[in-house]
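Heads up: the structure comes next, in structure tokens.
The values are calculated or read from the model by the stated rules, or taken from the named source; none is laboratory data. Small disclaimer: the values here were computed from a predicted structure and weren't measured. As a convention, Cβ positions derive from the backbone with ideal geometry for all residues, glycine included, and neighbour counts pool all protein chains shown.
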Amino acid sequence: MPTPMSSSYVESKVDGEPLPARRTEGFDVLSTLSKGKKALLLAIFCFALFLDTFNNSSLFTAIPAISVQLNIPNSQSVWLLSAYQLTFASLLLVSGRVSDLYSPKWVFVIGAFMMAVFPLVGGFIRTEIPLNVIRALTGAGMVFVPFRGALTIPSSIHLIVHMYPDPSEQAKAITAFGGMGGVGLVLGLLIGALFVSFASWPWVFYFSAIVSALIGLSIALLVPNLKRTSETESRAEKLLRFRRLDLIGVFSFTAALILFIFAITSGSIDGWRSAQVIAPLVLSFVLMVFFFVWESRLPESYAAIPSKMWRYENFAILMVISLAPFMWWSSIFLLFSWLWEVVYGFSAINTAVHFLPVGLAMFPVVPIAGAMQARLPLKWVILIGFFFICVGTVLLPFADSKGHYWPFAFPGFILGTVGASIIYTTANVALLATTPKEVSGIVSAMYMCVLQMGGAIGSAILTSIQTSVQISHGGPTSFSGRAAGFWFLFAFLILLGLLLLVLMKNTIGPVGKQGGGTTATDAENKDS
């Protein structure tokens, strides 16, 4: 793996067309920073991931209060989550491209400051549709920064990869970074519950705005200026660089996802044969086909998802199984929070306390997962994760009363979280170990995209199943619809585990050992 050289430029051609020179000045500085400054920057990046997790988990205890005040039906409340997740997921692709083509520092800073604006506006809104729009804008941004909320995560990992070039240190840093998701999950639940109980639900949005502004300011002051562009870059070169963002591909992908989620969410309300369901479902399929055809015909340097990505060994299967963690977490929070607060009459804080096993189980799992990654091939580490998540999920359909919380929900939450956390952290490490450092931004973007897609699609499908079943089985206060959703989730996780067992090659890891499998450098050499 060639190390970026100070004041060097890299020029290349695609189909005979010259690409803009990439100035790599400054990236070597990251690896030479003191341990103290690296630790401080890593902590700030971790808080960025905390904030993205917080933006979802804090709403789980707040959604019932928001739904009651704004008269939002249970079947429609999923949009408060999906609106953020969908735009976040789909526009992560373009943010990964921006991190790879421009300065990840300023990508991060712009994302953080814009992240402070939309939640602040959202706190003042008191009607359903505008609030959903603001949630979508929180994940997507607007006008000249159409990738706001999605900017911080790919650029964070991009900077972490360059700060820690050693594979062993890099794996530890990325694992710690991923583990911060657990902190955001726990604190999001508690902080959201405290705001709902002792202030009001808009403070969930105000808190996010305040923390975002502080994070953006910290990175602006502490991270060295990193440049990839030449100061003498011509207008034609700038245009070529802009074309490499692939906005047509990204927006077709975004539209396909939104239409798909809208269709399956509307199906349980309007009936699966209605035009409101069939039309967006067909359009989403057409747009998704268009997206992959468009990507395959673009020169690789111009595609949001270059075709070469799928040629990296194990890349495709790692992306597929990455649907699991956020799908599991989003589903259990969404299905249980409404039940506990609206049907059982729990307070927001009581609901958060009942969810604590989900968050607290993450803390010991993250270092344990790191230790497993250093001793076992990563395929078997992920399979262990699937074993735990499936065992935990199969208990949840039986948690159908207050008395069944301790024998079924409590162990189900712990076991499922252990499995989801292992999959979440290890799949990330495996993806970065098998791809070149130069594409770490787009790889991280694709990984986070699939995670968020899992959350959005899972929430919509399980809500749709719940709504369809409860029509003839006891109504919205019954547990039968939720049980059906959990059985679907269990079957889907079993399918993903089997695909992993059959399709993933046992060539990655243990991390940090010589000859332990494919590395980023190996992947780069294969590609070249």
*asked:* Tell me the residue from Gly481, Gly475, Gly458 that is within 22 Å of the chain's Cα centre (by Cα), of a type outside the set (Ser, Thr, Tyr) and either closer than 27 Å to Leu356 by Cβ or not in a helix (DSSP H, G or I) (or both), please.
replied: Gly458
_Residue in region 478-488 that is touching a residue at least 24 places away in the same chain (Cβ under 8 Å), surrounded by fewer than 20 Cβ atoms within 10 Å (Cβ to Cβ) and under 16 Å from Ala324 (Cα atoms) present_ = yes
*Extreme residue, surrounded by the most Cβ atoms within 10 Å (Cβ to Cβ), among residues of region 372-404 that are among the charged types (D, E, K, R) and part of a helix (DSSP H, G or I)*: Lys379
*Run down Ala369, Ala409, Ala352 and say which single residue is outside any loop (DSSP other than H, G, I, E, B), at pLDDT 95 or above and crowded, with 17+ Cβ neighbours inside 10 Å.*
Ala409
_Quick check on my filter: what residues within region 269-320 are of a type in the set (S, T, N, Q) and either at pLDDT below 90 or in contact with a Cys (Cβ under 6 Å, 6 or more places away or on another chain) (or both)?_
Ser274, Gln276, Ser296, Ser301, Ser307
*asked:* Here's a check for you: in region 55-77, which residue that is hydrophobic (A, V, I, L, M, F, W, C) and under 17 Å from the mean Cα position of the chain (by Cα) is nearest to Leu137 (Cα to Cα)?
replied: Leu59
*Would you please name the residue that is modelled with the lowest pLDDT, looking only at residues in region 226-245 that are farther than 25 Å from His162 by Cα and not basic (Lys, Arg)?*
Thr232
*Filter region 158-205 down to the residues that are assigned to a helix (DSSP H, G or I) and of a type in the set (D, E, K, R), then identify the one that is surrounded by the fewest Cβ atoms within 10 Å (Cβ to Cβ).*
Glu169
